[in-house]
Amino acid sequence: MVTVEKLTFAFQKNEPLFTGLDMRLEAGNTYGLFGLNGAGKTTLLNQLSGMLFPHKGSCTVLGENVKKRLPKTMSEIYILPEQFDLPKIDAEIYAELHAPFYPRFDHTYLSEILNEFQVDRQKNLTELSYGQRKKFLIAFALSTNSKLVLMDEPTNGLDIPSKSQFRKIMAASDQSNRCFLISTHQVRDLDSIIDHVIVLNNGKIIFQQSVMDISTTLSFEKLSDDSDKIALYSEDVFGGKAAIISKNKSSKETQIDLELLFNGIIQKQELINNQFKS
Amino acid sequence: MDFTDKEPIYKQISDYFCQQILEKKWAPDDRVPSVREIAVQMEVNPNTAMRAFQLLQDEDILVNKRGIGHFIAEGAYQKTLDLQRREFIENDLPYFFQKMNLLGFSCNELEKIYKES
């Protein structure tokens, strides 16, 4: 669905952000995009949505170069930015004005999600709190039924019950023909709803694996100080080490510790990636 | 003592199914909740929930009737019991035995406590 090839981009001449970045995304998956501050997660989303153009290389969505900004391509991409301005109109008027850009827009679904999130549809969007506005845009994003949905830090600003509602709404949404790419630092908010992990670092995608492959390849364990197990990467924690270990076929699967995995990939990129080559 | 913190989510889901079967709340031919219902309840990606269903199908505990849903298979109780007993021996007992040794309990002592409780 999405192919990024040899993407090169810089905001300033001598500070390249992307240096030949390659990435492929398939329909039916929800990808979590992780990276350190300044790694370029937001910029990558802006490239995929055609808001920025590559200096070299290309971003292709559904077979068309995004740079051409063809209406048929744009109607299949929705980007939920982290920072946004909404006009001084209510949710219903906003939906009426913007829905026509998306041929399969589902107004019923929009109402359902807004009810679930308890967003007031009659109030001007500018009068809503940041969290309420964000929830409105999440609802709008899902209702577009566009094939590619890009979300930049969607849970930022959401209160505790809303985060849970967000996960439920994502779990309930029909994802079979759609592709979600979610950038986030809030690992714990989202780790259960993603099924692929992508790590962006130093201008390239340095890791991309499905959650299933990660859990059958790596084991996440707490080791005691006298343990004879060899960790690929470990961090000191109370009473021992939190460790990533190469999983052998017979050992049982463990829950993925995304924070530990992320740190491991940043520190020991090659070693971790080698585990996936068989 | 090394230990694995948490079971993967799909395993928590399949364990829940197994428990329902062992407690005889679910019987053969009963329709179980859909992948989507489970995904929403657990707040997980449907693909993750699907793995739990796949696991139980591979163990012949669930059957998938295309277009209708997933059902408890014939003979699911015995198969679930075998599966869970095997997992209890492989996963739970080693930690239990380690702790037992650490605290200096003998099997006889434990048997006495077990009978009294």
For this session: Specify the residue with the greatest mean-square fluctuation among B:Arg86, B:Arg31, B:Arg51, computed from a Gaussian network of chain B linking alpha-carbon atoms under 10 Å apart.
Result: B:Arg86
Problem set entry | Set of aspartates and glutamates with alpha-carbon distance to A:Lys134 below 17 Å, sequence-local pairs under 8 removed | A:Glu82, A:Asp85, A:Asp90, A:Glu92, A:Glu112, A:Glu116, A:Asp120, A:Asp152, A:Glu153, A:Asp159, A:Asp189
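Under the √(5λ) rule applied to the eigenvalues of the Cα gyration tensor, what semi-axes describe the equivalent ellipsoid of the range A:184-278? Give them in Å, descending.
After diagonalising the Cα gyration tensor, the semi-axes are 21, 15, 14 Å.
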Exercise. Mind checking the angle between helix B:9-22 and chain B's longest principal axis? C-alpha axes, 0 to 90 degrees, to the nearest 10.
Worked result: 90 degrees
Exercise. With each pseudo-label sitting 7 Å past Cα toward Cβ, what's the A:Tyr130-A:Ala10 distance in nm, one decimal?
Worked result: 3.3 nm
For this session: Let me know the Rg and Dmax you get for the protein assembly as shown when you use only its Cα atoms, in Å.
Result: 24.0, 78
For this session: Name the aspartates and glutamates eligible as straight-distance cross-link partners of A:Lys72: C-alpha to C-alpha under 15 Å, and not fewer than 8 places from it in the same chain.
Result: A:Glu64
For this session: Please grab the % of Cα pairs in chain B that end up more than 16 Å from each other.
Result: 66 percent
For this session: Post the alpha-carbon centroid distance, the range B:69-117 to the range A:1-55, in whole angstrom.
Result: 50 Å
Seminar exercise, completed: DSSP beta bridges in chain A: the antiparallel percent, rounded to 5, is 65 percent
Problem set entry | Estimated inter-spin distance, A:Arg104 and B:Asn101, nm [label 7 Å along Cα→Cβ] | 5.8 nm
Exercise. Quick one: Kirkwood hydrodynamic radius for the range A:2-202, alpha-carbon pairs, angstrom, one decimal?
Worked result: 17.4 Å
For this session: Could you pull out every one of the lysines with an alpha carbon less than 25 Å from that of A:Lys268, ignoring same-chain neighbours closer than 8 positions?
Result: A:Lys6, A:Lys41, A:Lys204, A:Lys222, A:Lys229, A:Lys241, A:Lys247, A:Lys249, A:Lys252, A:Lys277, B:Lys6
Problem set entry | Length-normalised contact order of chain A in % [C-alpha pairs under 8 Å, at least 6 apart] | 20 percent
Exercise. Chains A and B: what accessible area do they bury, summed, in square angstrom to the nearest 100, with a 1.4 Å probe?
Worked result: 2100 Å²
Seminar exercise, completed: Listed residues A:Ser58, A:Ser210, A:Ser49; largest mean-square fluctuation, Gaussian network over chain A with Cα springs below 10 Å, found at A:Ser210
For this session: For n ≥ 4 DSSP H runs only, could you compute -39500 (n - 2.57) per run for the protein assembly as shown, divide by its residues and tell me the 222 nm figure to the nearest 500?
Result: -11000 deg cm²/dmol
Exercise. Hey, got the Cα dimensions of the range A:1-96 along the principal axes, in Å, largest first?
Worked result: 44, 29, 25
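The values are calculated or read from the model by the stated rules, or taken from the named source; none is laboratory data. Note that the coordinates shown come from a computational prediction; the quantities given were computed from them, not determined experimentally. Every residue, glycine among them, receives a Cβ derived from its backbone with ideal geometry; neighbour counts consider all protein chains shown. Just the protein is used for accessible areas: all its heavy atoms, side chains included, with ligands, DNA and RNA removed. Shrake-Rupley method; radii C 1.70, N 1.55, O 1.52, S 1.80 Å.
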